Amino acid sequence: MIEAIELTKTYNGFSAVNRVSFEVAEGETLGLIGTSGCGKSTTLKMLNRLIEPTAGRVFIGGEDTRKSQPEKLRRSIGYAIQETGLFPHYTVAENVAVVPRLLKWPDKRIARRTEELLELVGLSPEEFTRRYPHELSGGQQQRVGLARALAADPPIVLLDEPFGALDRITRRQIQQEFKQLESLLRKTVVLVTHDIFEAVTLCDRICVMDRGIVQQIGTPKTLVFQPDNDFVRDFFQADRFQLELYVTQLQDVMPWVSAQESSSEAAKRYTEEEHLLTVLEDMEESSLKSSRVQIVDRQNQPILTTHCQDLLTAFYRFKESF
Ligand code: ADP
């Protein structure tokens, strides 16, 4: 869907982005992550030609973006940024409708779509359509920014720290909501973030950058358990144990669960996709002394029942398998 080939941006001899290549498949979410100033935003902006590359190419749906008119290209790609970029003199509804208006949609269709989107991002249309950005909290503004990026139902959405201005708790909440929203919409997404937990929560694959250069591209699991170099290893070093448990799903450790229990009585039930961290955190809080866990498949059919402690042992063996 998106193919970046050797993208390069040089400012007065300084390489902000240096031969960055990646592909994003249809429906996939790719994260661009790295320390501040490593070239994430510049890379993202070269995808929709907000910045023209010094060298390299971008193909979208097989088409070289150099052949499209930049304005037309940008209208076909959703774009949301941390600062939201909402127009202060436009109401919420007018802000959401910017691209549909440019595309000359009929008024009725625009009104319907605006209402639908506000509901989707958790803002009640009755309450919010006529408000101005300064009458919204930071979180609400970011939700409007997201609604605007999705307004014309673009197949591709570029997000630059879209939850960056939020406090940690609100950010985690909106990330969870967005995860559901995004899978619902099956968009192809490129997400710039410096928040590792955001990246591993929302992205199918993550591209780690340093000083304009790609260090590694892989799934969250690959990056955490099989870093290609010291930079990537160190990047994921803070909160490593928590991160390891977070990227590990029950289905990953199942082959190493030896002690299975026959009775599922008083066991807490989880699907095989659940993150190990969630299970262990629940167990810590729960008054269930036995801490027994029943793992079920997507159809809710039991697969096995085990003890929480055995899950942890299985996790260490899973880790060793890399
Ligand atoms: P990130 O998004 O990873 O924080 P950026 O892509 O914004 O980083 O910037 C990458 C590097 O390029 C930084 O060192 C930044 O200072 C530099 N840079 C960005 N834009 C310009 C510009 N217009 N002129 C000169 N240097 C720039």
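Looking at this structure, is VAL224 closer than 23 Å to LEU44 by Cα, of a type in the set (A, V, I, L, M), surrounded by 20 or more Cβ atoms within 10 Å (Cβ to Cβ) and at pLDDT 90 or above?
Details: closer than 23 Å to LEU44 by Cα: no; of a type in the set (A, V, I, L, M): yes; surrounded by 20 or more Cβ atoms within 10 Å (Cβ to Cβ): yes; at pLDDT 90 or above: yes.
So VAL224 fails the test.
Do any helices (runs of 4 or more DSSP H) entirely within region 163-233 hold 3 or more residues that are over 18 Å from ILE2 (Cβ atoms) and among the aliphatic types (A, V, I, L, M), and if so, which? Steps first, please.
Numbers: elements: 168-185, 196-202, 220-225.
Filter on region 163-233 gives 168-185.
Go through region 78-120 and give me each residue that's in contact with a Ser or Thr (Cβ under 7 Å, 6 or more places away or on another chain) and either in contact (Cβ under 8 Å) with a residue 40 or more places away in the chain or not assigned by TED's automatic domain parsing to the domain that holds LYS179 (or both).
Within region 78-120, THR91, VAL92, VAL96, ALA97 meet the criteria.
Identify all residues within region 76-93 that are surrounded by fewer than 18 Cβ atoms within 10 Å (Cβ to Cβ) and either within 16 Å of the ligand (Cβ to nearest atom) or modelled with pLDDT under 90 (or both); write none if there are none.
If the condition is that a residue be surrounded by fewer than 18 Cβ atoms within 10 Å (Cβ to Cβ) and either within 16 Å of the ligand (Cβ to nearest atom) or modelled with pLDDT under 90 (or both), then SER76, GLU83, GLY85 are the ones that fit.
Yes or no, residue by residue, for (1) of a type in the set (A, V, I, L, M); (2) within 27 Å of THR219 (Cβ to Cβ):
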| residue | (1), (2) |
| --- | --- |
| SER258 | no, yes |
| ALA267 | yes, no |
| HIS275 | no, yes |
| GLN301 | no, yes |
| THR305 | no, no |
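Is there a residue in region 275-289 that is small (Gly, Ala, Ser), over 28 Å from THR43 (Cβ atoms) and either more than 16 Å from the ligand (Cβ to nearest atom) or at pLDDT 95 or above (or both)?
Within region 275-289, the subset small (Gly, Ala, Ser) is 286-287.
The next check asks that each one be over 28 Å from THR43 (Cβ atoms); those that pass are 286-287.
Then keep just the ones that are either more than 16 Å from the ligand (Cβ to nearest atom) or at pLDDT 95 or above (or both); that gives 286-287.
Yes; the residues of region 275-289 include at least one that is small (Gly, Ala, Ser), over 28 Å from THR43 (Cβ atoms) and either more than 16 Å from the ligand (Cβ to nearest atom) or at pLDDT 95 or above (or both).
Quick one: which strands (runs of 3 or more DSSP E) lie wholly within region 259-322 and hold at least 3 residues that are touching a residue at least 24 places away in the same chain (Cβ under 8 Å) and among the β-branched types (Val, Ile, Thr)? Steps first, please.
Details: elements: 267-271, 292-296, 302-307.
So the answer is 292-296, 302-307.
Which ranges mark the strands (runs of 3 or more DSSP E) fully within region 1-69 that have 1 or more residues being within 15 Å of the ligand (Cβ to nearest atom) and over 24 Å from the mean Cα position of the chain (by Cα)?
Working: elements: 2-11, 14-24, 29-34, 55-60.
Strands (runs of 3 or more DSSP E) meeting the threshold: 2-11, 14-24, 55-60.
The values are calculated or read from the model by the stated rules, or taken from the named source; none is laboratory data. What you are looking at is a predicted structure, and each value in this text was computed from that prediction instead of being measured. Note: ideal-geometry Cβ built from the backbone for every residue, glycine included; neighbour counts use all protein chains shown.
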